[in-house]
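Undergrad: My questions will all concern the structure given below.
Derivation of every value follows stated rules applied to the coordinates shown; laboratory data play no part. Quick caveat: nothing in here was measured; it's all calculated off a predicted structure. With ideal geometry, Cβ positions are generated from the backbone for all residues, glycine too; neighbour counts draw on all protein chains shown.
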Amino acid sequence: MTIQTISPSDAKALLTKGAALIDIREHDEYARENIAEAHLLSLSAIENGDRLGPFDPFDTVIFYCQSGMRTTQNAQKLVDAVAPAKVLLLEGGLTAWKKDGQQILEDKSQPLPLMRQVQIAAGSLVLAGVILGFVVHPGFYLLSGFVGAGLLFAGISGFCGMARLLAVMPWNKH
């Protein structure tokens, strides 16, 4: 099933006519920046059976994520979550919305999204392992290998120990 995409300016026009806008990113991403008219219904909540509505067949619901990738990959789940409403996907997601000059709500006092924190921590540890392995002792290369193995395990199993650890850090408390 192919779901129609919509440009940020066309989406803005539909919002003024009563369309609903739903952000499927996670709470930490939404808290840092979002579109003012948007309601949060994260993809993980949708997968757990949460729904908004009820919607009628003549209602229009526009979904967005950061880049448009998550909405495209999960289009059928999104359709099912608001059936029987008409579903549109915001082309390019929040990134395109901002690039188009549309307004967003931003709260830089909120921590970076958890996955960005994982990327920063993992990248820093790999880089440190390589530099220390080259400059101090080759045994430090094991640090990079350990982080790489952890990322591989996270990708295969869906369990990311680093994300779990970062989630309980004081700066990530809601």
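Undergrad: If you take the Cα Rg of the chain and divide it by 2.2 N^0.38 Å, with N the number of residues, what do you get? Kindly include the intermediate steps, with their values, before the conclusion.
TA: Details: Rg = 19.6 Å, N = 174, 2.2 N^0.38 = 15.6 Å.
Normalised by 2.2 N^0.38 Å, the Cα Rg of the chain equals 1.25.
Undergrad: If the chain between His39 and Thr2 were fully stretched, how many nm would it gain, using 0.36 nm times the residue separation less the Cα-Cα distance?
TA: Working: separation 37, 0.36 × 37 = 13.32 nm, distance 2.35 nm.
So the chain would gain 11.0 nm between His39 and Thr2.
Undergrad: Would you mind computing, in nm to one decimal, how far apart the modelled labels at Arg51 and Ala167 are, each placed 7 Å from Cα along Cα→Cβ?
TA: 2.6 nm
Undergrad: Have a look at the DSSP beta bridges in region 5-106 and tell me what percent are antiparallel, nearest 5. Spell out each step's value before the answer.
TA: On the way: 2 of 15 bridges.
If we restrict to bridges inside region 5-106, about 15 percent are antiparallel.
Undergrad: Along Cα→Cβ, 7 Å out, is where each label goes; now give me the distance between the ones at Asp100 and Tyr141 in nm to one decimal.
TA: Rounded to a tenth, the inter-label distance reads 5.0 nm.
Undergrad: On to the next question. Hey, what do the phi angles of region 10-19 turn into as Karplus ³J(HN,Hα) couplings, whole Hz, using 6.51/-1.76/1.60 and θ = phi - 60°, x for Gly and Pro?
TA: 5, 5, 4, 5, 5, 5, 5, 9, x, 5
Undergrad: Could you check the simple spin-label distance between Ser9 and Gln73, using points 7 Å along Cα→Cβ, in nm with one decimal?
TA: Output for this residue pair reads 3.1 nm.
Undergrad: Now for a different question. Kindly write out, for region 145-150 in residue order, the coupling ³J(HN,Hα) from the Karplus curve 6.51 cos²θ - 1.76 cosθ + 1.60 (θ = phi - 60°), rounded to whole Hz, with x marking Gly and Pro.
TA: Going residue by residue, I get x, 5, 5, x, 5, x Hz, with x marking Gly and Pro.
Undergrad: Sequence-distant or interchain residues sharing an amide H contact under 5 Å with Leu88, placed H: which?
TA: Those lying under 5 Å, H to H, from Leu88 are Val61, Ile62, Phe63.
Undergrad: Now for a different question. With each run of n ≥ 4 DSSP H residues scored as -39500 (n - 2.57), what mean residue ellipticity at 222 nm is computed for the chain after dividing by its residue count and rounding to the nearest 500 deg cm²/dmol?
TA: -14500 deg cm²/dmol, from helical runs alone.
Undergrad: If packing is taken as the average number of other Cβ atoms within 10 Å across a peptide's residues, how do 86-93, 155-162 rank, most packed first?
TA: Details: 86-93: 21.8, 155-162: 11.1.
Those peptides, ordered most packed to least, come out 86-93, 155-162.
Undergrad: Tabulate in residue order the Karplus-calculated ³J(HN,Hα) for region 99-104, using 6.51 cos²θ - 1.76 cosθ + 1.60 with θ = phi - 60°, rounded to whole Hz; enter x for Gly and Pro.
TA: In residue order, the calculated couplings are 5, 6, x, 6, 6, 10 Hz.
Undergrad: In debye, nearest 20: dipole of the chain around its Cα centre with unit charges on the Cβ of K, R (+) and D, E (-)?
TA: 360 debye
Undergrad: Something else about it: Can you list the lysines whose alpha carbon is less than 28 Å from that of Lys99, not counting same-chain residues fewer than 8 positions off?
TA: Once the sequence-local lysines are set aside, what remains near Lys99 is Lys12, Lys17, Lys77, Lys86, Lys108.
Undergrad: Which one, Val82, Leu127, Ile46, projects farthest toward the positive side of the charge dipole computed for the chain from Cβ point charges (K/R +1, D/E -1)?
TA: Leu127
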